[in-house]
1. In the stretch 207-242, whose amide N lies under 18 Å from the spot 7 Å out along Cα-to-Cβ of residue 186? List them in ranges.
2. Run through the stretch 61-136 and list the chymotrypsin sites (Phe, Trp or Tyr not before Pro) located in a DSSP loop whose Cβ has at most 12 other Cβ atoms within 10 Å.
3. Which distance in Å, rounded to a whole number, links the C-alpha centroids of the stretch 96-120 and the stretch 38-93?
4. Please find the FRET efficiency linking residue 218 to residue 33, where r is the Cβ-Cβ separation and R0 is fixed at 25 Å, and quote it to the nearest 0.05.
5. So how tilted is helix 86-99 from the main axis of the chain? Cα-based, degrees 0 to 90, rounded to 10.
6. Kindly provide the trypsin sites (Lys or Arg not before Pro) of the stretch 175-246 that DSSP labels as loop, not H, G, I, E or B, and whose Cβ sees at most 16 other Cβ atoms within 10 Å.
7. Which order, highest average first, do 33-42, 193-202, 69-78 follow once you tally other Cβ atoms within 10 Å for each residue and take the mean per peptide?
8. How much length, in nm to one decimal, is gained on full extension between residue 101 and residue 44, taken as 0.36 nm per residue of separation minus their Cα-Cα distance?
Amino acid sequence: SLPTIFVITPTYARLVQKAELTRLSHTFLHVPQLHWIVVEDSPQKTPLVTDLLMKSGLTYTHLHVPTAKERKLQEGDPSWLKPRGVEQRNEGLRWLREDRRDGQQGVVYFADDDNTYSLQIFEEMRNTQRVSVWPVGLVGAMKFESPVVEGGKVVRFHTGWRPNRPFPMDMAGFAVSLKLVLTNPEACFDGEAPMGFLESSFLKGLVTMDELEPKADNCTKVLVWHTRTEKPKMKREEALQAQGLGSDP
Ligand code: UDP
Ligand code: MN
């Protein structure tokens, strides 16, 4: 049977959340043998996400953990100031380790709720032995970032920033076998890692560069994009609200 793809998605309440999760769930409906692990950044599971998952038609696990207050980005902070979704990804890993599907063939992928995923990327990652890697589009102030492959091996990374990080890759650019996650129970994301080192903090205990498995035609195809959604303007909504005429009184 097909190896299961466990997709871990951190998500948080904001106006576009339902739209993001709708788009993402509709992508995942096209992927066979996918188990969606949705981790809400909240003190409780919310009705919006509970209901969306129930109606989604997907196999899923619904978790939640609030980001500690001192770690949370404040209104007006630049988005790069603190890493986002850290506790939530670690909670997804914790659940996988507790659930213990030893012997089951599977792969773990961290999919943020606002990115754009080609269906092909899931088939590329499905047979990951240890850690597979591929390019990510529209990230790092570049058209794409990518591992560079020579003779079938990753020899360096195409990135515009801190190339000497152990793994200068975006979260969307790699997947880890379930087996490796289960046999390394201490591997997790370090929210205190210096800027840009979050992915490295997880991967450095798991693989070396020459063990990376290049996918997407030796890392020559972009099959996932680090798209970001504009925050919707609410100026008129607020003006109407002030008169008691808001859309959702
Ligand atoms: N996220 C979260 N809590 C937050 C901010 C973000 O759980 O306070 C989630 C978000 O839904 C996404 C992931 O963490 O799935 C990465 O966040 P974002 O897309 O804002 O990061 P960026 O695109 O700026 O790297
Ligand atoms: Mn994002």
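Only the coordinates and a few stated rules stand behind these numbers; no lab work does. No experiment lies behind these values; they were computed from the predicted model shown. Don't worry about glycine lacking a Cβ; one is built from the backbone with ideal geometry, like all the others, and counts go over all protein chains shown.
1. Counting backbone N atoms under 18 Å from the label point, the list is 207-208.
2. Values: sites: 80, 95, 109, 110, 117, 122; in loops: 80.
Sites meeting the loop and neighbour criteria: 80.
3. Centre-to-centre distance over Cα atoms comes out at 16 Å.
4. Numbers: r = 25 Å, r/R0 = 1.01.
Efficiency at R0 = 25 Å is approximately 0.50.
5. 60
6. Numbers: sites: 179, 204, 215, 221, 228, 233, 235, 236; in loops: 204, 215, 221, 228, 233.
Answer in residue order: 204, 228, 233.
7. Values: 33-42: 21.4, 193-202: 18.2, 69-78: 8.9.
Packing proxy ranking, top to bottom: 33-42, 193-202, 69-78.
8. On the way: separation 57, 0.36 × 57 = 20.52 nm, distance 2.64 nm.
Gain in length upon complete extension: 17.9 nm.
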